[in-house]
1. State which residue pairs qualify: first residue closer than 19 Å to Cys84 by Cβ and inside region 168-197, second residue among the hydroxyl-bearing types (Ser, Thr, Tyr) in any location, beta carbons under 6 Å apart, and separation of 6 or more residues or different chains.
2. What single numbered condition from (1) assigned to a helix (DSSP H, G or I); (2) open to solvent by 60 Å² or more (accessible area, probe 1.4 Å); (3) touching a residue at least 12 places away in the same chain (Cβ under 8 Å) fails to hold for Lys96?
3. Being aromatic (Phe, Trp, Tyr) and touching a helix residue (DSSP H, G or I) at 6+ places or on another chain (Cβ under 7 Å) is the filter; apply it to region 144-162 and report the residue that is nearest to Val89 (Cα to Cα).
4. Run Ile111 past the list (1) under 25 Å from Glu46 (Cβ atoms); (2) surrounded by 13 or more Cβ atoms within 10 Å (Cβ to Cβ) and report the number of the one that doesn't hold.
5. Taking the residues in region 149-174 that are within 30 Å of the chain's Cα centre (by Cα) and of a type in the set (Ser, Thr, Tyr) as candidates, determine which candidate is nearest to Gly196 (Cα to Cα).
6. Determine whether Ile111 is outside any helix (DSSP H, G or I), hydrophobic (A, V, I, L, M, F, W, C) and more than 16 Å from the chain's Cα centre (by Cα).
7. Return only the number of the condition from (1) in contact with a helix residue (DSSP H, G or I) (Cβ under 9 Å, 6 or more places away or on another chain); (2) within 27 Å of Asp62 (Cβ to Cβ); (3) open to solvent by 60 Å² or more (accessible area, probe 1.4 Å); (4) part of a helix (DSSP H, G or I) that Met136 does not satisfy.
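The values are calculated or read from the model by the stated rules, or taken from the named source; none is laboratory data. It should be emphasised that the depicted structure is a prediction, and the values quoted were computed from it without experimental measurement. Virtual Cβ from ideal backbone geometry, glycine too; neighbours counted across all protein chains shown. Heads up: the accessible areas ignore ligands, DNA and RNA and are worked out on the full protein's heavy atoms, side chains in. Shrake-Rupley method; radii C 1.70, N 1.55, O 1.52, S 1.80 Å.
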Amino acid sequence: MAEKKSLLKRLWRVFRSPSKVAVGVVLVFGFFGGVIFWGGFNTALEVTNTEQFCIGCHEMQDNVYQEYRDTIHYANRSGVRASCPDCHVPHEWTHKIVRKIAASKEVWGKITGIIDTPEKFEAHRRHMAEREWQRMKETDSRECRNCHNFDYMDFSVQGSRAAGAHSTSLASGEKTCIDCHKGIAHQLPNMRGVEGF
């Protein structure tokens, strides 16, 4: 009985005042565990931020990707190409995480088959487009501005209508890119009732 009490007392002392070695071991494991977690997290984030990932499901491959391939954002004289994440995922880390969390509901759509046929996709096209337009409007078309910087626009080489809109409505903040450039990379849904159409 005395041995058990002695053993318990020694264990209690060890747990109450851990040795420097134990603290060091915990810190080292914690550090390396954190590095491995962070590396894995960022790797997963980057893998899900590629065009190949975006078109990995047939809903995107067969619908919006085919439309996008016929646009200036896919192929143009300068060879600069904007892929899915360039337009749909913010570059800044904090905004990117928020967008990834919000986009996770798209997984639910995949699981439940909401848009798994061309007919279902077309039936939901307007809703999906409006949701994306609203998101872009709320962020002042942040993803557009990653490539298209207002400060460097040369109005003299733009058409008169574009130069007029850019130098007034866009410059004043009254409008943002998505207000005028809906359907720039994808087919438009039925636009009945949409402002400007």
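1. Listed by first residue and then by second, the contacts come to Cys177/Ser141; Ile178/Ser141; Ala185/Tyr68; Ala185/Thr71.
2. Answer for Lys96: the failing condition is (2).
3. Phe150
4. Condition not satisfied by Ile111: (2).
5. The qualifying residue nearest to Gly196 (Cα to Cα) is Ser169.
6. Working: outside any helix (DSSP H, G or I): no; hydrophobic (A, V, I, L, M, F, W, C): yes; more than 16 Å from the chain's Cα centre (by Cα): yes.
No, not satisfied.
7. The number of the failed condition is (3).
Yes or no, residue by residue, for (1) among the charged types (D, E, K, R); (2) under 21 Å from His95 (Cβ atoms); (3) modelled with pLDDT of 90 or more:
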position: Ser169; (1), (2), (3): no, no, no
position: Gly173; (1), (2), (3): no, yes, no
position: Thr176; (1), (2), (3): no, yes, yes
position: Asp179; (1), (2), (3): yes, yes, yes
position: Lys182; (1), (2), (3): yes, no, yes
position: Ala185; (1), (2), (3): no, yes, yes
position: Met191; (1), (2), (3): no, no, yes
position: Glu195; (1), (2), (3): yes, no, no
